[in-house]
Amino acid sequence: MTSATALAEVADNSEVVNRCKAMLAAGQAELRAVYDRNNNATALLRGRSRLVDQIMRELWHAVEMPSSITLVAVGGYGRAELYPGSDVDILILVPMSMDAASEPRIARMIGMLWDIGLDVGHSVRDISGCVEEAERDITVKTTLLEARYLYGNGALFNRFEQRFAHFVNPEEFFKAKQLEQGERYARHNETAYSLEPNCKESPGGLRDLQVIQWVARAARLGNSWREMAAGGVITAYGASQLKRAENFLRHLRIRLHLVAKRREDRLLFEHQEALAAAFGIKPTAGKRASEVLMQHYYRNAKLVTQLNTLGLQNVAARISETPAPPPVVIDEHFQMVRELLDLREEDLFEREPRAILEAFLTMQQRAELKGMTARTLRAIWRARGHIDAKFRRDPQNRALFLSLFQQPRGLVHELRRMNQYDVVARYIPAFGKIVGQMQHDLFHVYTVDQHILQVVRNLRRYTMPEFAHEYPFCSRLISGFERHWLLYVAALFHDIAKGRGGDHSKKGVPDAQRFCRDHGIVGDDGELVAFLVEHHLTMSNVAQKQDLADPEVLRAFAEVVKTERRLTALYLLTVSDIRGTSPKVWNAWKGKLLEDLYGATLRILRGDAPVVAIGVQERQDEARRLLRMRGLRPGVEDALWARLDTVYFMRHDADEIAWHSRYLYYRPDSAEPVVKARLNPFGEGLQVMIYVPDQELLFARLCGFFSRLGYSIVDAKIHTTSHGEALDSFVLLDPGGHLPYRDMIGLIEHDLVEQLKTQPPLAAPPPSRLPRQVKHFPFAPEVAIRADERGQYYVMSVTAADRTGLLYAIARVLGEHGVILHTAKIATLGERVEDTFLISGAELAQTATLVRLEQELLRVLQLP
C-alpha cells in the first residue's frame with residue numbers, strides 16, 4: 001500500500017467514524033426521549049440493537065468486507081437486548097481458508113467500532129473453531145446459542161447454525177448451567193439481599209431469568225416465555241409472572257445505566273436515590289425513597305429466585321434422557337420423585353396446613369432429598385396464608401416448628417427456603433417486619449433478615465466437622481454446649497426489633513420471651529435466650545472499647561454474664577454476629593480480643609480474683625520460658641522488667657513480653673531508638689514495637705508515619721517505664737491488601753528510627769478519600785471525654801466515619817493539648833470507627849479547656 005493510499009484510507013475511516021458517531025449519538029438520544037415518554041423497556045433494548053445493526057452495516061460496507069465472511073451478533077446483542085451501557089458482542093465467522101487480505105479489513109472494522117464509542121467484544125473463528133471453543137467454555141457456548149445473522153455470507157451462517165444445533169446436548173448444557181449458577185450464587189454469598197446487589201448477576205437478578213431461557217432454547221422448548229407456556233414448560237400464569245419480573249429488572253438496569261452514565265449493574269448507594277426518582281418513588285414517613293425502591297427490588301428478587309427454581313425443575317423434567325423412576329413413598333403425605341420432595345395429593349397443604357412445617361422437617365431428616373418439586377413449592381406458596389394466629393397457637397405446630405432447630409442437619413437450608421416462601425414471616429409476624437429492611441450503619445452489607453440467617457449459618461458451621469478448621473475454638477466450645485440449638489433461637493431473635501427505634505437489643509427481649517414461653521423453652525433455657533438477645537452487643541463492646549487489663553472492667557462483665565454457660569453462649573453468638581455483618585468486618589485481632597475476654601472472665605467465674613484472672617504471674621512465667629527457648633540465660637530480663645510496672649504485664653501477653661525482652665534486655669538504657677517489627681503472631685498484619693526516650697508528640701509522630709505508609713492501626717498499647725522510656729506497640733493492617741507485610745519490615749525498622757532521631761515537624765494529615773458509603777449516609781461525629789470511676793484517668797470515646805489519617809489527626813490534637821495517651825482501642829466497623837482512648841492531662845480537669853479540646857476534635861473529625 002502506498003503512502004497516498006494509506007492517507008486516503010485514514011481519511012475515509014475518519015469520515016465514516018464521524019458519520020457513525022453522529023448517528024449513534026442522535027439515535028441514542030432519540031431512544032432515550034422515546035423511553036422517557038413511553039416507558040417501554042423492550043422498545044429501547046431492541047431499538048438500540050437496531051441502531052447498532054445500522055452502524056455495523058455502514059462499517060461492513062466501508063471496509064469492503066469479502067462476501068465469504070459473515071458478521072454475527074451474539075450474546076445480549078444476539079437476542080436484541082442492548083442496554084444503554086451494554087457492550088456489543090460480535091462473531092466474525094470466516095471460512096476454513098480465509099484470504100490473508102481479510103485480516104487487515106477485520107482489524108480496521110474493529111478499530112473503527114472502538115473509535116465510534118462502542119465497547120466491542122469480538123472473536124474471529126471458523127465453524128470448527130466455534131465448536132471447539134464452545135466445548136471448552138460454557139460461556140462461549142451460551143453466547144453462541146443466541147447467534148443472530150447480520151451481514152455477509154448467509155450460507156455460511158446456516159451451516160454454522162446446523163452444526164451448532166447438533167453439537168449442543170440439552171442435558172449436558174443444563175447441568176453445566178446449573179453448576180455455573182451455583183458458582184455465581186456463591187460469589188454473591190448465596191443471597192439476593194445484600195444492600196448493594198448486582199441487578200444482573202446476584203441471585204434474583206436478570207441472569208436467573210436468562211438461565212431459564214438458555215436451557216429452554218438449548219432443548220428447543222421455546223425462545224420466549226410465551227412459547228415456553230405454549231409448550232407446557234411453564235404455566236400461562238407463570239409466564240405472566242416471569243414477564244412482569246423481567247420487565248421490572250429491565251427498567252431498573254436501563255435506568256441504572258442512564259443514571260451512572262456508563263455500564264453499571266451494582267445498585268450502589270450513590271445511585272439508589274436517583275433510581276428511586278427515575279421510578280417516581282417518593283419517600284414515606286419512615287423510609288427514604290431509596291429504601292422503598294430497594295424493598296420493591298427485594299420482593300421482585302424473591303419472586304425471581306422462586307421462578308428460577310420452578311422453571312429449571314420443569315425444564316429438567318422435560319429434557320432428562322433417563323425415564324423417571326416410580327415415586328418412593330415417604331409417608332402418608334410425601335413421596336420422593338427424582339430426589340425431590342413431592343406431595344402425594346395436590347391439595348395437601350390446603351387441607352392440612354401443618355404439613356407445610358412437616359415438609360421442611362422431612363427435608364432435614366432425609367439426606368437423600370435434594371430439594372422440593374415445583375408443585376410442592378407452588379402449593380406452599382399458595383397455602384402460606386393458612387399460617388395464621390390459630391395455626392400459631394396450635395401446640396402441635398409449635399412443637400414442629402421448634403423441632404426444626406433441633407435437627408442435626410439442614411437448618412440453614414430450610415430456614416432460607418422458609419424465608420423465601422414467607423413461612424418464617426407468617427409464623428413469626430415480627431420477623432416479617434424486618435424482611436428486606438435495609439441497614440445504613442456503614443458496616444452491615446445485608447438486609448436485617450439475611451443478616452440473621454447469616455448468623456444462624458455461622459453458628460451451625462461450628463457444629464460441622466468439615467468446618468472445624470475455620471474457627472477451632474468455637475467448634476470446641478459448641479461441641480460441649482448442651483442444647484446448642486438454643487443459640488439458633490437466640491440468633492433468630494437478636495435483631496428482630498431493628499427499625500422500631502430505641503435500643504433494639506432490649507426491645508427484642510419480649511418477642512424472644514414470648515416465643516420461648518409459647519414453645520416450652522422454660523427455666524434457665526428461656527432465660528438464656530432472653531439474655532443473649534438483650535446482651536448480644538455487650539461482649540463486642542467490652543472487648544473492642546474497654547481496657548481488658550483493668551480488673552474492674554473484667555469484674556463488671558463477669559457480673560453481667562454470671563455463669564459459664566451464658567459466657568460461652570454469648571461468645572459464640574458474638575463471633576457469629578460480627579462475622580455475619582460483612583466479610584470485611586471480622587479480623588483475627590478482633591478474634592483475639594474476644595478470646596482474651598472470654599478466658600479472663602471464665603477464670604473469674606471459676607473463683608479467681610480479677611487481678612489474678614488477668615494472669616500476670618502466668619504471663620511472666622511463660623515469657624521466661626520463651627526466652628529460655630531462645631537460648632537466653634535466666635535473669636537477663638530482670639533489669640528491663642524492673643522498669644516495667646504491673647500495668648505493663650497486664651496489658652501484654654507472654655509472647656509480646658518475651659518479644660520485647662529479647663531485643664531490649666541488653667540495652668534498657670539505650671538513648672538510641674529501638675524499632676522492631678514482625679508478622680503478627682495472632683493473625684493478619686504487622687506488630688511493631690518502639691522503645692525510645694519519651695519525646696513530645698510521640699504518639700502523633702508514630703500515627704503519622706504508619707498513616708503515610710497506608711496502614712490502619714487496629715491496636716495501640718502505650719507504656720512509659722519508670723525511667724522515662726516510651727515502650728509502645730502497635731498492630732497494623734493494610735486495608736487494601738496491597739502492601740506485602742514481610743517486605744515492609746526492614747523499611748519500617750529503618751525509616752522509623754530515622755524519624756525518631758531527627759524529630760522533624762509533624763506533617764499535615766494526608767489528603768483523605770471518603771468511602772462512597774459515607775458520602776451517601778453521613779452521620780455526625782461524636783466525642784465524649786469522661787473521668788473514670790477512680791478519677792485517675794479519663795476515657796475518651798470517638799465515633800466517626802473512617803478515612804485515611806483519621807487517627808493521626810486525633811493524635812495531633814491530643815499532643816497539642818498536652819494530653820497523655822495510655823491505651824488506644826481501635827474498633828473499625830466497616831466504614832465507621834468507634835475508638836476508645838485512656839488518657840490523662842492537666843487540661844482535662846478544667847471545664848473550659850476540656851470543652852475546647854472536644855471542639856477541636858470534632859472539627860478534625862468532620863467530613864472534609
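Ranking of Val140, Val647, Val611 by solvent-accessible surface, largest first: Val611, Val647, Val140 (1.4 Å probe, protein heavy atoms only, all chains present). Working note: Debye formula, equal point scatterers on the alpha-carbon atoms of segment 177-295, no solvent; log10 I(q)/I(0) at q = 0.22 Å⁻¹ is -1.21.
Axis of helix 616-629 versus longest Cα principal axis of the chain: the two differ by about 80°, to the nearest ten degrees. Between the listed residues Ile452, Ala230, Thr362, the Cα displaced farthest toward the positive end of the dipole of the chain, a dipole computed from Cβ unit charges relative to the Cα centre, is found at Ala230.
Above 26 Å, the calculated P(r) of segment 315-461 contains 30 percent of its Cα-Cα pairs. Sequence-ordered 3J(HN,Hα) estimates for segment 270-279 from the Karplus curve with 6.51, -1.76 and 1.60 and θ = phi - 60° stand at 5, 9, 5, 5, 5, 5, 4, 5, 5, 7 Hz, glycine and proline given as x.
Accessible surface ranking for Asp126, Asp119, Asp715, Asp743, 1.4 angstrom probe, highest first: Asp743, Asp119, Asp126, Asp715. Within segment 513-598, none of the chymotrypsin sites (Phe, Trp or Tyr not before Pro) combine a DSSP coil assignment with at most 14 other C-beta atoms in a 10 angstrom radius.
Only DSSP H runs of four or more residues enter the estimate; each adds -39500 (n - 2.57), and after division by the residues of the chain the mean residue ellipticity at 222 nm equals -17500 deg cm²/dmol.
Bridges between two residues of segment 328-400, per DSSP, are antiparallel at a rate of about 75%. Treating each Cα of segment 130-216 as an identical point scatterer and summing with the Debye formula, the log10 of I(q)/I(0) at q = 0.12, 0.14, 0.24 Å⁻¹ comes to -0.45, -0.58, -1.17.
Between amide H atoms placed 1.01 Å from N, distances below 5 Å from Ile820 occur with Ser840, Gly841, all of them 5 or more places distant or on a separate chain. Positive contributions from Lys and Arg (+1) and negative ones from Asp and Glu (-1), summed over other residues with Cβ under 14 Å from the Cβ of Leu340, come out at +4. To the nearest 10 degrees, how steep is helix 448-462 against the longest Cα principal axis of the chain, on a 0 to 90 scale? Tilt of helix 448-462: around 70 degrees.
Counting only heavy atoms of the protein chains and using a 1.4 Å probe, Val120 has close to 20 Å² of accessible surface. Accessible surface for Asp638 stands near 80 Å², nearest 10, in the context of the full protein assembly shown (1.4 Å probe). Ratio of Rg to Rh for segment 630-756: 0.95 [Cα atoms; Kirkwood radius as inverse mean 1/r over pairs].
With charges only on Cβ, +1 for K and R and -1 for D and E, what is the dipole size of segment 457-588 about its Cα centre, in debye, rounded to 20?
Here segment 457-588 has a charge dipole of around 380 debye.
Summing Lys and Arg as +1 and Asp and Glu as -1 over all other residues whose Cβ lies under 14 Å from the Cβ of Leu150 gives a net charge of -1. If you sort Thr574, Thr799 by accessible surface, 1.4 Å probe, largest first, the order is Thr799, Thr574.
Taken along the Cα-to-beta-carbon direction at a fixed 7 Å, the label points for Glu350 and Arg483 span 4.1 nm. Normalising the Debye intensity of segment 554-624 to I(0), with uniform scatterers on Cα atoms only, and taking log10 at q = 0.12, 0.13, 0.14, 0.17 Å⁻¹ returns -0.38, -0.44, -0.50, -0.69.
Each 5 Å bin from zero holds the following percent of Cα-Cα pairs in segment 605-680: 3, 15, 24, 23, 18, 9, 5, 2, 1, 0. Helix 102-116 and the long axis of the chain differ in direction by around 60°, with both axes built from C-alpha atoms. Farthest towards the positive end of the charge dipole of segment 285-426, among the residues Gly286, Ala317, Val328, is the Cα of Gly286, using unit charges on the Cβ of Lys, Arg, Asp and Glu. Applied to segment 307-315, the Karplus parametrisation 6.51 cos²θ - 1.76 cosθ + 1.60 on θ = phi - 60° returns per-residue 3J(HN,Hα) values of 5, 4, 4, 5, x, 5, 4, 5, 5 Hz, with x for Gly and Pro.
Net charge dipole, the chain: roughly 2120 debye, given to the nearest 20, about the Cα centre with Cβ charges of +1 for Lys and Arg and -1 for Asp and Glu. The tail of the calculated P(r) for segment 1-160, taken as Cα-Cα distances beyond 28 Å, holds 24 percent of the pairs.
Considering every alpha-carbon pair of segment 380-485, the percent of pairs per 5 Å bin, from zero through the bin containing the longest distance, is 2, 11, 17, 20, 17, 15, 11, 5, 1.
Computed with every protein chain present, the accessible area of Phe473 is close to 30 Å² [probe 1.4 Å].
Once Lys and Arg get +1 and Asp and Glu get -1 on their Cβ, which of Leu858, Ser14, Ala425 lies farthest toward the positive end of the dipole of the chain? Final value for the positive-end residue is Ala425.
Put a plus charge on the Cβ of each Lys and Arg, a minus charge on the Cβ of each Asp and Glu, and nothing anywhere else: the dipole of segment 1-150 about its Cα centre is then about 540 debye.
The values are calculated or read from the model by the stated rules, or taken from the named source; none is laboratory data. Treat the numbers as computed from the prediction; the structure is a model and nothing was measured. Cβ: placed from backbone, ideal geometry, glycine included. Neighbour counts: every protein chain shown. Each accessible area value is taken on the protein alone, full model and side chains, heavy atoms only, with ligands, DNA and RNA left out. Shrake-Rupley method; radii C 1.70, N 1.55, O 1.52, S 1.80 Å.
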